[in-house]
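Structure, as structure tokens:
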Amino acid sequence: MDIKALTSDINKFAQERDWEQFHNPKDLAAALSIETSELLEIMLWTPSDQSAARVEEKREAVENEVGDIMVYLLRFCDICGIDPIEATRAKMKINAVRYPIDKSKGNSKKYDEF
């Protein structure tokens, strides 16, 4: 399934439940932030070197949160007229300039700290 088909399915789901009235950019952005925090909560207090194991341990919960994040992200993009694939490609071009390989390879510094 591609992004457009998935977005269409999500929109139909919302329409059938008369949820469009609640789906404005502010509330969708808030929901997206909340769901992302719920993903992070699954790994809260887990040492970094054990986080991959925690994902496996809690795989179903992690996948549910990823699904929620994707639903809200695609709904937000659709309502705001943003193509998420094009937005990602554009951001990767910006990041390629901000993080040249010779300065960023193996380095976790932000681009303005080089």
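The values are calculated or read from the model by the stated rules, or taken from the named source; none is laboratory data. Since the model is a prediction, treat every value here as computed from it, not as a measurement. Glycine gets a Cβ as well: all are built from the backbone with ideal geometry, and neighbour counts include every protein chain shown. The accessibility values were calculated without ligands, DNA or RNA, using every heavy atom of the protein model including side chains. Shrake-Rupley method; radii C 1.70, N 1.55, O 1.52, S 1.80 Å.
Taking the Kirkwood radius as the inverse of the mean 1/r across Cα pairs, report the Rg/Rh of region 1-58.
Looking at region 1-58, the ratio lands at 1.15.
Karplus-based coupling profile of region 5-12, in residue order and whole Hz: 5, 5, 4, 4, 5, 5, 4, 4, with θ = phi - 60° in 6.51 cos²θ - 1.76 cosθ + 1.60 and x standing for Gly or Pro.
What is the angle, in °, between the Cα long axis of helix 25-42 and the longest principal axis of the Cα atoms in the chain? Nearest 10 is fine, range 0 to 90. The answer is roughly 60 degrees. Under the convention that each Lys and Arg Cβ holds +1 and each Asp and Glu Cβ holds -1, the size of the dipole of region 34-96 around its Cα centre is about 360 debye. Computed with every protein chain present, the accessible area of LYS58 is close to 80 Å² [probe 1.4 Å].
Legend: distances between Cα atoms for LYS4/LYS109; LYS26/LYS105; LYS26/LYS93; pairs beyond 30 Å are LYS4/LYS109; LYS26/LYS105. Got a sec? Charge dipole of the chain, +1 on Cβ for Lys and Arg, -1 for Asp and Glu; which of PRO100, VAL66, CYS77 is way out at the positive end? With unit charges placed on the Cβ atoms, the residue in question is PRO100. Helical content of the chain, expressed as a calculated mean residue ellipticity at 222 nm, amounts to -22500 deg cm²/dmol (DSSP H runs of 4 or more residues, -39,500 (n - 2.57) each, divided by residue number, nearest 500). Backbone geometry of region 98-114 corresponds, through the Karplus equation with coefficients 6.51, -1.76 and 1.60 at θ = phi - 60°, to 3J(HN,Hα) couplings of 5, 10, x, 3, 5, 9, 10, 4, x, 10, 9, 5, 6, 3, 7, 10, 5 Hz, x marking Gly and Pro.
What's the whole-number percent of alpha carbon pairs in region 11-97 lying beyond 18 angstrom? Above the 18 Å cut-off, region 11-97 has 57 percent of its Cα pairs. Rounded to the nearest Hz, the phi-derived 3J(HN,Hα) couplings of region 56-67 under the Karplus curve 6.51 cos²θ - 1.76 cosθ + 1.60 (θ = phi - 60°) are 5, 4, 10, 3, 4, 5, 4, 4, 4, 5, 4, x, where x marks glycine and proline.
This model, with +1 at the C-beta of Lys and Arg and -1 at the C-beta of Asp and Glu, gives the chain a dipole about its Cα centre of some 700 debye.
Here the relative contact order of region 5-108, from alpha carbon pairs under 8 Å that lie six or more residues apart, stands at 35 percent. The modelled label-to-label distance between LYS91 and GLN50, using points 7 Å beyond Cα along the C-beta direction, is 3.1 nm.
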